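First comes the structure, then the notes that go with it.
Just so it is clear, none of the values below were taken in a lab; they were calculated from the coordinates. Note that this is a predicted model, so its numbers are computed, not measured. Neighbour counts run over all protein chains shown; Cβ positions are idealised from the backbone, glycine included.
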Amino acid sequence: MVCGVCNEDIGVCLCPDADAKLYALAYDPDALLMFKWCRHCDRYYTRCRCAVPAFFVISRGKEISIPAKGVASA
């Protein structure tokens, strides 16, 4: 994912509001997006700096269950 302001990968983006914008999208009840998110720091996975992250998938502010075998792609 690339930042629309600085055009850098979101993991290295230095925009001061990057985390707030990602949070707003992940928790927006009208957004049809899914994000890999960390439970510990409550950040998008590439912005997480936790020693032992706890990733999950979030959409519209709710956790999405992922089967043990993963998600099939077309």
(message) What pairs come out if I take residues in the stretch 38-49 that are touching a residue at least 24 places away in the same chain (Cβ under 8 Å) and part of a loop (DSSP other than H, G, I, E, B) and pair them with residues that are surrounded by 14 or more Cβ atoms within 10 Å (Cβ to Cβ) and of a type in the set (Gly, Ala, Ser) whose C-beta lies under 6 Å away, six or more apart or interchain?
(response) none
(request) Tell me, yes or no, whether the stretch 53-73 has at least one residue that is of a type in the set (S, T, N, Q) and either surrounded by 13 or more Cβ atoms within 10 Å (Cβ to Cβ) or within 12 Å of the chain's Cα centre (by Cα) (or both). (result) yes
(request) Of all residues in the stretch 1-37, count the ones that are crowded, with 16+ Cβ neighbours inside 10 Å and in a helix (DSSP H, G or I). (result) 6
